[in-house]
Amino acid sequence: CPDGKATVRKSRLLEHGFSFQYFSSIYQSHQLTYYFSYEYGFAPIVETSRSDGQPVQKVLIIQSQEHMKGVFDPWAA
């Protein structure tokens, strides 16, 4: 994607053996929490299916950006 973001169904990643249990850092924006494994991160999202209008669990995948680097302080969140 040109903006550095992509979405994929959670089920598709699980089919390929992806584990959501392992990540190296966390970044919290105002709307989403991103879980990073080195330079790539994911945020769990729910989108409405275009075909049947049902909620679908998806993953927003992004590449780390300079403003996302730093020390995470869970007490400041």
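So which residues in segment 26-62 are in a strand (DSSP E or B) and open to solvent by 90 Å² or more (accessible area, probe 1.4 Å), if there are any at all?
Step one: filter segment 26-62 for residues in a strand (DSSP E or B), giving 26-28, 33-37, 40-48, 55-62.
Tyr40, Val46, Thr48, Pro55, Gln57 - these are the residues of segment 26-62 that are in a strand (DSSP E or B) and open to solvent by 90 Å² or more (accessible area, probe 1.4 Å).
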Cβ-Cβ distance below 6 Å, separation of 6 or more or different chains: which pairs start in segment 19-35 with a residue that is touching a residue at least 12 places away in the same chain (Cβ under 8 Å) and end on one that is surrounded by fewer than 13 Cβ atoms within 10 Å (Cβ to Cβ) and among the hydrophobic types (A, V, I, L, M, F, W, C)? Ile26/Phe72; Gln28/Ala77
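If you scan segment 12-25, which residues turn out to be surrounded by 10 or more Cβ atoms within 10 Å (Cβ to Cβ) and farther than 17 Å from Gln57 by Cβ?
In the first step, residues of segment 12-25 are kept if they are surrounded by 10 or more Cβ atoms within 10 Å (Cβ to Cβ); the result is 12-14, 18, 20, 23-25.
Within segment 12-25, Phe23, Ser24, Ser25 qualify.
Take the residues in segment 1-25 that are polar (S, T, N, Q) and in a strand (DSSP E or B); name whichever of them is nearest to His67 (Cα to Cα).
Looking at the filtered set, the residue picked out is Ser25.
The values are calculated or read from the model by the stated rules, or taken from the named source; none is laboratory data. Owing to the predicted nature of the structure, the values given are computational and were not obtained by experimental measurement. Cβ atoms come from the backbone with ideal geometry, glycine included; neighbour counts cover every protein chain shown. These accessible areas exclude ligands, DNA and RNA; they are computed on the full protein's heavy atoms, side chains included. Shrake-Rupley method; radii C 1.70, N 1.55, O 1.52, S 1.80 Å.
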